[in-house]
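Read the figures in this text as sums done on the coordinates, not as results from a lab. The structure presented is a predicted model; accordingly, all values stated were derived computationally and were not measured. Reconstructed Cβ throughout: ideal geometry from the backbone, glycine too, with neighbour counts over all protein chains shown.
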Amino acid sequence: MFENLKERGFFQQSTHPEELSKRLKEDRICCYVGFDPTADSLHIGHLIPLMGLAHMQRAGHRIIALMGGGTAMIGDPSGKTEMRKLLTEKQLQSNIEGMLPQLERFLDFSGDAILVNNTEWLRDLNYIDFLRDIGRHFSVNRMLSFETYKIRLESGLSFLEFNYQLLQAYDFLELNRRYDCSLQMGGDDQWANIISGADLIRRVERKDAFGWTYPLLTTSSGKKMGKTEKGALWLDPKRTSAYEYYQYWVNTEDDDVEKFLALFTFLPMEEVRKLGKLQGADMREAKQRLAFETTALIHGKENTLQAQQAAQALFSVNFGEENGDKSNVPSTTIAPDRFSAGLGIFDIFQETGLCKSKGEARRLQAQGGVYVNDKRIDDPDSCLGEANLQNGEILLRAGKKRYHRLILGT
C-alpha cells in the first residue's frame, strides 16, 4: 500500500517510513484525514486527501473522515498570511451538511468507516485540565520553529490561532483513544500539526503513531490547482457545473496529464502510464479520459456524458456546421425586449460570468479575447441584438476555451 500510494504521487514525507510501510503490509490500520468546514462545499484542493483516504479504504484499512467543527472555530494559520474569518457554530454545521454528499462520492460509510465531528470532544473541553494534561507536552520554542508560525509572526499571530496545533494534536490523541487510530494523513502544509499529534500519542499513551503528508500541487506552469477565472473549482454541482468541471480537466497542460491521471482517478497505473505516453494530437484522448473519470466521480456518468458531448460540440473541427449538441453548455435566457434594446458587450460578459467585471471584459477585449458567434469583437461600443441571433441564440466566447450561450426567451 505504501509503495502504491507513493507511485501514484500521494507521498511527500512521513514519520518512520520503514516502520509505517511494514505496518501497512502486515496489519489493517485505522487512519484519518481532517476537513475544516470553512465553506459549504469542498473544492479540488481537497481531492488529494479525499483520494488518498479512498485508496486506503479500498485497500482494506479502516478510515475516519474528521469534520473540524471545533477546530474551524479557531482557524488554522497554516498557509495563511492573515487570520481567517471566524464562523459561528450554526454556519459550521450548515457547511458540514453541504460537504457530506461530496464525501460520500468517494468514501463508503456503510461499513466500519467513521464520520465524526471534533466538536464532540472540543466543545466542552475544560481549559484548565487541557493545559495541565496536554499543554505541558508542547514546547513554545519548538512550535515557533515551524514555518507556519514563523510566517505568521511577521504579520501577526493571535493567541487564538496559536492554540490550533494543540487542538489538532488532541484530535489525533482522541481518535487514537476511541478508535485505535494510528495514522494521520494530510497536505504537506499540515506537517507540523501532524507530527505534533503523533508525538503527543507517543508521550501520553506510549503507543506508536504515524504521520503522512501529500504534496501540495501546482500545475507544471506553476499555477495553483483549481483556480479558474470564476474562482475556486467546487465539488458542489450547484457551484460548479459538470460542464465547467469537465472543461477544467480537459484543458490540463500536457505535462500534467499522467500525474493527474495517477492522482485524481482510480485507473490502474498500467493504463495511466499508457495514456501518459501519448503524444501530439493523441494527447487529446488522454485528456478526455482524465476529464471523464474525474468528472464522473463528482457528477455521475450521465451528467459527465452530457458535459463531454457539449465540449465535443464546441471544440469539434466541424463546429460551424452545427453538428453537435450544445444544450449542456452554460446558458442564460434573455427576454426579447432586452435584445430589442441592445445588450452592451461588456455588460453581458459580466452578467454571464465570463468576466468578473466590465473592467475585466474591457481588458479581455483589448487582448483580442472577446468573441460572438466565433467572431472576434474589437469595437468596445458593440451591442448585441436580434441581428446576432442564430437559431434563437448567441454564442459568447471569452479567450480560447470559455463559452456561454445567450438564449432568446419566450
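What relative contact order, as a whole-number percentage, does the range 2-214 give when Cα pairs under 8 Å and 6 or more residues apart are counted?
Rounded, it is 28 percent for the range 2-214.
With Kirkwood radius over Cα pairs in Å defined as stated, name the option among (1) 22.6; (2) 24.3; (3) 23.7 computed from the structure displayed.
Identified label for the calculated read-out: (3).
Between Gly409 and residues 5 or more places away or on another chain, which pairs have amide H atoms under 5 Å apart, with H built 1.01 Å from N, and which residues are they?
Ile334, Ala335
Roughly speaking, what is the stretch gain from Ser139 to Arg58, that is 0.36 nm per residue apart minus the C-alpha to C-alpha distance, in nm to one decimal?
Using 0.36 nm per residue and subtracting the Cα-Cα distance, I get 25.3 nm.
Taking the Cα-to-Cβ direction at Leu408 and at Glu302 and moving 7 Å from each Cα, how far apart do the two end points lie in nm?
That separation, rounded to one decimal, is 3.2 nm.
How tilted is helix 164-179 with respect to the longest principal axis of the chain? Cα atoms for both, answer in degrees (0 to 90, nearest 10).
Once rounded, the angle reads 70 degrees.
When the chain is fully extended, how far beyond the present Cα-Cα distance does Gln367 get from Ser155, taking 0.36 nm per residue of separation?
72.6 nm
Return the unpartnered cysteines for the chain, using a Cβ-Cβ cut-off of under 4.7 Å.
Those would be Cys31, Cys355, Cys383, since no other cysteine Cβ in the chain comes under 4.7 Å of theirs.
Taking R0 as 22 Å, what's the FRET efficiency between Asp347 and Lys238 from their Cβ-Cβ distance, rounded to 0.05?
Efficiency computed from Cβ-Cβ geometry: 0.30.
Counting only other residues whose beta carbon sits under 12 Å from that of Lys259, what net charge do I get with K and R as +1, D and E as -1?
Local net charge: -4.
Connecting C-alpha atoms closer than 10 Å in a GNM of the chain, tell me which of Gly211, Gly34, Gly353 has the biggest fluctuation.
Its mean-square fluctuation being the largest, the pick is Gly353.
When you have a sec, figure out the Kirkwood radius of the range 107-184 from all distinct Cα pair distances and drop it here in Å to one decimal?
Taking the inverse mean of 1/r over all distinct Cα pairs, the range 107-184 comes out at 14.6 Å.
Just how large is the dipole of the range 324-410 about the Cα centre, in debye to the nearest 20, putting +1 at every Lys and Arg Cβ and -1 at every Asp and Glu Cβ?
Here the size comes out at about 460 debye.
Sort Asp381, Asp254 so that the residue with the fewest other Cβ atoms within 10 Å of its own Cβ comes first and the one with the most comes last.
Ordered from fewest to most neighbouring Cβ atoms within 10 Å, Asp381, Asp254 come out as Asp381, Asp254.
Quick one: if you stick a label point 7 Å off each Cα along the C-beta vector at Glu89 and Glu253, how many nm between them?
Roughly 4.6 nm, to one decimal.
Along the positive direction of the dipole of the range 2-214 (beta-carbon charges: Lys, Arg +1; Asp, Glu -1; about the Cα centre), which of Gly98, Gly187, Gly197 reaches farthest?
Working it through, the farthest residue towards the positive pole turns out to be Gly197.
Among Phe130, Trp249, Gly409, which residue has its Cα furthest toward the positive end of the charge dipole of the chain, with +1 on Lys/Arg Cβ and -1 on Asp/Glu Cβ?
Positive-most Cα among the choices belongs to Phe130.
Tell me, what ³J(HN,Hα) does each residue in the range 268-276 have, in order and in whole Hz, if you take phi through Karplus 6.51 cos²θ - 1.76 cosθ + 1.60 with θ = phi - 60° and put x for Gly and Pro?
Running phi through 6.51 cos²θ - 1.76 cosθ + 1.60 with θ = phi - 60° gives x, 5, 4, 6, 4, 5, 4, 5, x Hz.
At a temperature of 4 °C and a viscosity of 1.567 mPa s, determine how fast the range 2-214 diffuses translationally according to Stokes-Einstein, using the Kirkwood radius over alpha-carbon pairs as Rh; express D in µm²/s, rounded to the nearest whole number.
Answer, rounded: 74 µm²/s.
On a 0 to 90 degree scale, rounded to 10, what angle separates helix 191-204 from the longest Cα axis of the chain?
Here the helix axis deviates by roughly 20 degrees.
With θ taken as phi - 60° and the coefficients 6.51, -1.76 and 1.60, list the Karplus ³J(HN,Hα) couplings across the range 31-43 in order, rounded to whole Hz; mark glycine and proline as x.
10, 9, 10, x, 10, 7, x, 7, 9, 8, 8, 6, 10
From the alpha carbon gyration tensor of the range 331-408, can you work out the equivalent ellipsoid semi-axes (sqrt of 5 times each eigenvalue) and give them in Å, largest to smallest?
Listed largest to smallest, the semi-axes of the range 331-408 are 18, 12, 12 Å.
Have a look at Met225, Met99, Met73 and tell me which one the Gaussian network model of the chain (Cα, springs below 10 Å) gives the largest fluctuation.
In this elastic network of the chain, the residue with the biggest mean-square fluctuation among Met225, Met99, Met73 is Met225.
With everything on Cα atoms, drop me the angle between helix 47-58 and the longest principal axis of the chain, reported from 0 to 90° to the nearest 10.
60
Residues with amide H under 5 Å of Phe210's amide H, sequence separation 5 or more or different chain, H placed in the peptide plane at 1.01 Å from N; which?
Long-range HN contacts for Phe210: Leu183, Gln184.
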